[in-house]
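Below you'll find the structure, written out as structure tokens, and then a few comments.
The values are calculated or read from the model by the stated rules, or taken from the named source; none is laboratory data. None of these values were measured; they are calculated from a predicted model. Because the Cβ atoms are built from the backbone with ideal geometry, glycine has one as well, and the counts that use them run over all protein chains shown. For the accessible areas, the whole protein counts, side chains as well, though only heavy atoms, and no ligand, DNA or RNA atoms are used. Shrake-Rupley method; radii C 1.70, N 1.55, O 1.52, S 1.80 Å.
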Amino acid sequence: MYRLRLFASRHSRSFERIYTLLEGAMVAMDPVFRRVGYRRVEAVLTPIERLVKSLLFDCRMCGQCVLSSTGMSCPMNCPKGLRNGPCGGVRPGGFCEVKPQMRCVWVEAWSGATRMRHGEQISIVLPPVDHSLKGSSAWLRAAREKAEVRRAAKEAQRTTLARAFDDAREHEPSSAPLAPEPETSVEASRERRT
Ligand code: SF4
């Protein structure tokens, strides 16, 4: 699959678009996934992710995918396991010191990143691999984390609005909203008073 791996980093821009669409769709599916249960969804999704990504990227299922920060070149294919750039042994022509027949994954990563819309992410220092996540679905984790952040932001917005209604009534009754408040904010404000 080495050729497909090179193909992926040479078409990194298209894969970046596909990844963005896929992530958006998975984030939108969050309510469904929560109803079904993330564990069940993961059991179905992981084999699909493994198959697709092993074909395209020689994925090792580290569980913390960084392809979008590494020009769509998987750093886990580096024989030294380097996640933050190449070692000092890259051969002339961009070949690996340990496997001279293979292009350095970081040389591919750099050229892939130059084609991507958010290729500048390659300069962000990546944390060490958490081996406890090996074999899990990175797609699902990333989408779930994003969905949780969005939910928390919405919740914070709702609470701020509810507080604003409450304070307005207390300090200036005439500024209280004419429209009925959503039931959740009324309950929240009752709870705060008790
Ligand atoms: S970074 Fe991890 S999850 Fe992503 S392709 Fe490489 S091994 Fe697979």
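Restricted to the range 118-130, and to residues there that are surrounded by 12 or more Cβ atoms within 10 Å (Cβ to Cβ) and either among the small types (Gly, Ala, Ser) or not in a helix (DSSP H, G or I) (or both), the residue that is nearest to the chain's Cα centre (by Cα) is Leu126.
Considering the range 87-117, and only residues there that are open to solvent by less than 80 Å² (accessible area, probe 1.4 Å), in a loop (DSSP other than H, G, I, E, B) and in contact (Cβ under 8 Å) with a residue 60 or more places away in the chain, the residue that is nearest to Tyr19 (Cα to Cα) turns out to be Met116. In this structure, Arg3 does not satisfy being basic (Lys, Arg) and modelled with pLDDT of 95 or more. Counting the residues of the range 7-30 that are open to solvent by 70 Å² or more (accessible area, probe 1.4 Å) and more than 18 Å from Ser54 (Cβ to Cβ) gives 7. Among residues of the range 54-71 that are within 8 Å of Ala138 (Cα to Cα) and open to solvent by 30 Å² or more (accessible area, probe 1.4 Å), those with a Cβ under 7 angstrom from a residue that is in a loop (DSSP other than H, G, I, E, B) and more than 6 Å from the ligand (Cβ to nearest atom), sequence gap 6+ or separate chain, pair up as Gln64/Val129; Gln64/Asp130. Scanning the range 72-86 for residues that are within 12 Å of the ligand (Cβ to nearest atom) and crowded, with 18+ Cβ neighbours inside 10 Å returns Met72, Ser73, Cys74, Pro75, Met76, Asn77, Cys78, Arg83. Taken across the range 30-47, residues that are farther than 17 Å from Leu140 by Cβ and within 15 Å of the ligand (Cβ to nearest atom) do not occur at all.
Of the helices (runs of 4 or more DSSP H) lying entirely inside the range 1-52, those carrying at least 3 residues that are within 17 Å of the chain's Cα centre (by Cα) are 12-28. On the given criteria, is Leu133 among the hydrophobic types (A, V, I, L, M, F, W, C), surrounded by fewer than 19 Cβ atoms within 10 Å (Cβ to Cβ) and under 30 Å from Arg34 (Cβ atoms)? Against the criterion (among the hydrophobic types (A, V, I, L, M, F, W, C), surrounded by fewer than 19 Cβ atoms within 10 Å (Cβ to Cβ) and under 30 Å from Arg34 (Cβ atoms)), Leu133 qualifies. When restricted to residues that are part of a loop (DSSP other than H, G, I, E, B) and under 20 Å from the mean Cα position of the chain (by Cα), the range 62-81 contains 10.
Apart from one condition, Arg151 fits all of (1) exposed (fewer than 14 other Cβ atoms within 10 Å of the Cβ); (2) touching a residue at least 40 places away in the same chain (Cβ under 8 Å); (3) in a loop (DSSP other than H, G, I, E, B); the exception is (3).
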